[in-house]
Amino acid sequence: MLQEDNHDNRIILHACCAICSGYPVSMLKDAGYTVSVYFYNPNIYPDTEYQKRLEAEKALCSHFGVELIEGEYNPEEYYNFVKGLETEPEKGARCDKCFELRLRKTAELCKQLNIKTFTTSIVISPHKNFQKLSTIGQTIAKEYNLNYLDIDFKKKDGFLKTNKISKELNLYRQNYCGCKFAMRRT
């Protein structure tokens, strides 16, 4: 059973994009959670790309009837957080720092809203390392005295299911992870 036994069924799902968050939202709702989606992605470049992804997330959340919380879009915060790692390869130290920033902000939101559990849709991507993200999430959760739900949404055809949801809803589909460093490699 996914849900905690503490009768608090609220969870914040950090969403990297609507494509990746479709199945996690559905799965968490089916498991009995009250889901709030947190769209915090200062790494996305350029701002027009950010807006396309945000609009797709709004459509997805509306479809599932879940709350969408939009984090501040402040790319300078991201650039400062990954400073010195700009030339790192994809899946390297820069990406780890990016995950840390976004999950840390999610934990801060949990504390602010008195929600005890969080997770991320990033792990559904076959291009992302579940164990690495889980370790980052667990470390941050421990710092904030929260629970990180380390569920691999890829399992049981999760990636296929999330793509099916996005196609059915005709959601915007990006062709790179998000940051300008990833964009130059596509």
Worksheet, complete the sentence: By residue number, the members of segment 60-93 that are of a type in the set (Gly, Ala, Ser) and exposed (fewer than 15 other Cβ atoms within 10 Å of the Cβ) are SER62, GLY65, GLY84, GLY92, ALA93
Response to the item:
The one condition THR135 fails out of (1) more than 12 Å from the chain's Cα centre (by Cα); (2) under 22 Å from GLU90 (Cα atoms); (3) touching a residue at least 60 places away in the same chain (Cβ under 8 Å) is (3)
Practice prompt. Go through segment 116-131 and give me each residue that's under 14 Å from the mean Cα position of the chain (by Cα) and either part of a helix (DSSP H, G or I) or on the phi > 0 side of the Ramachandran plot (or both).
Written response: SER121, ILE122, VAL123, ILE124, PHE130
Practice prompt. Considering each residue of segment 137-186, count those that are open to solvent by less than 80 Å² (accessible area, probe 1.4 Å), assigned to a helix (DSSP H, G or I), closer than 22 Å to MET27 by Cα and in contact with a helix residue (DSSP H, G or I) (Cβ under 8 Å, 6 or more places away or on another chain), and give that number.
Written response: 8
Worksheet item: Would you say SER36 is within 16 Å of VAL123 (Cβ to Cβ), crowded, with 18+ Cβ neighbours inside 10 Å and not β-branched (Val, Ile, Thr)?
Response: no
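What tally of residues in segment 116-132 results from selecting those that are in contact (Cβ under 8 Å) with a residue 40 or more places away in the chain and either open to solvent by less than 10 Å² (accessible area, probe 1.4 Å) or in contact with a strand residue (DSSP E or B) (Cβ under 9 Å, 6 or more places away or on another chain) (or both)?
So the first thing to find is which residues in segment 116-132 are in contact (Cβ under 8 Å) with a residue 40 or more places away in the chain, and the list is 116-122, 124-125, 127.
Then keep just the ones that are either open to solvent by less than 10 Å² (accessible area, probe 1.4 Å) or in contact with a strand residue (DSSP E or B) (Cβ under 9 Å, 6 or more places away or on another chain) (or both); that gives 116-122, 124.
Matching residues across segment 116-132 total 8.
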Item to complete: Say whether the condition of being exposed (fewer than 13 other Cβ atoms within 10 Å of the Cβ) and at positive phi is met by at least one residue in segment 39-51.
Response: no
Discussion item. If I filter segment 108-115 for residues that are in a helix (DSSP H, G or I), crowded, with 20+ Cβ neighbours inside 10 Å and on the phi < 0 side of the Ramachandran plot, do I get at least one hit?
Written reply: yes
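The values are calculated or read from the model by the stated rules, or taken from the named source; none is laboratory data. The structure displayed is predicted, hence computed values, not measured ones. No Cβ is skipped: glycine too gets one built from the backbone with ideal geometry, and neighbour counts run over all protein chains shown. Surface areas here come from the heavy atoms of the whole protein model, side chains and all, with no ligands, DNA or RNA. Shrake-Rupley method; radii C 1.70, N 1.55, O 1.52, S 1.80 Å.
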